[in-house]
1. Among GLY117, ILE93, MET11, whose Cα lies farthest out toward the positive end of the dipole of the chain, if unit charges sit on the beta carbon of Lys, Arg (+1) and Asp, Glu (-1)?
2. How high is the relative contact order of the stretch 31-124? Use alpha-carbon pairs under 8 Å, at least six apart in sequence, and give a whole percent.
3. Leaving out ligands and nucleic acids, note down the accessible area per residue over the chain with a 1.4 angstrom probe, in whole Å².
4. Give the carbon-plus-sulfur fraction of the accessible surface of the chain in %, rounded to a whole number; probe 1.4 Å, heavy atoms of protein chains only.
5. Averaging the inverse of every distinct alpha carbon separation and then flipping it gives the Kirkwood radius. What is it for the stretch 6-124, in angstrom units?
6. Quick one: length gained pulling ARG108 to MET11 fully straight, 0.36 nm per residue minus the C-alpha distance?
7. Quick one: net charge around ARG67, please, counting Lys, Arg +1 and Asp, Glu -1 for every other residue with C-beta under 9 Å from its C-beta.
8. So how far, in whole Å, is the C-alpha centre of the stretch 66-124 from the one of the stretch 1-41?
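The values are calculated or read from the model by the stated rules, or taken from the named source; none is laboratory data. Predicted, not measured: the structure shown is a model, and the values here were computed from it. Methodologically, a virtual Cβ is constructed for each residue, glycine included, from the backbone with ideal geometry; neighbour enumeration extends over all protein chains shown. For the accessible areas, the whole protein counts, side chains as well, though only heavy atoms, and no ligand, DNA or RNA atoms are used. Shrake-Rupley method; radii C 1.70, N 1.55, O 1.52, S 1.80 Å.
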Amino acid sequence: QVQLMESGGGMVQAGESLKLSCKFSGEGFSDYAMGWFRQAPGKNREFVARITQSGITTYYVDFAKGRFTITKDNVKNYAYLQMNSLKPEDTAIYYCAAAHDYYDLDERGNANYWGQGTQVTVSS
């Protein structure tokens, strides 16, 4: 059974950085594409970034391009989201997700598995 556990959230000031981690427990991590999503208070969940099973190819939505970096470690069974130059509008609960199909990790959010989320708060 697959379980995902996010960590690394916290409270930072605008312009600072955070690195989120997603621990994958279970078999077959290298068979899953990984993605990050977020949900701000009173808003719908939104897609942030995804990475292929191999960790070679990535995709970011516009607000994440140039500031966020998604990576995947198939030895340690972790996915990461490095977030730089954080803004108050990045405040949200961040979730990692795993999917067999890389293209399922988009705005539809058709992931096979989800984590519980980690809170990121950015103050101005």
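1. About the Cα centre, the residue reaching furthest to the positive side is MET11.
2. Working: 193 pairs, mean separation 29.1, N = 94.
Worked out over the stretch 31-124, it gives 31 percent.
3. Details: 6400 Å² over 124 residues.
For the chain, the per-residue accessible area is 52 Å².
4. Details: 2860 of 6400 Å².
Reported share for carbon and sulfur atoms: 45 percent.
5. Details: mean 1/r = 0.0715 Å⁻¹.
For the stretch 6-124, the Kirkwood estimate is 14.0 Å.
6. Details: separation 97, 0.36 × 97 = 34.92 nm, distance 2.83 nm.
Full extension from ARG108 to MET11 adds 32.1 nm.
7. Values: positive: LYS65, LYS87; negative: ASP90.
Summing Lys/Arg as +1 and Asp/Glu as -1 gives +1.
8. About 5 Å separates the Cα centre of the stretch 66-124 from the one of the stretch 1-41.
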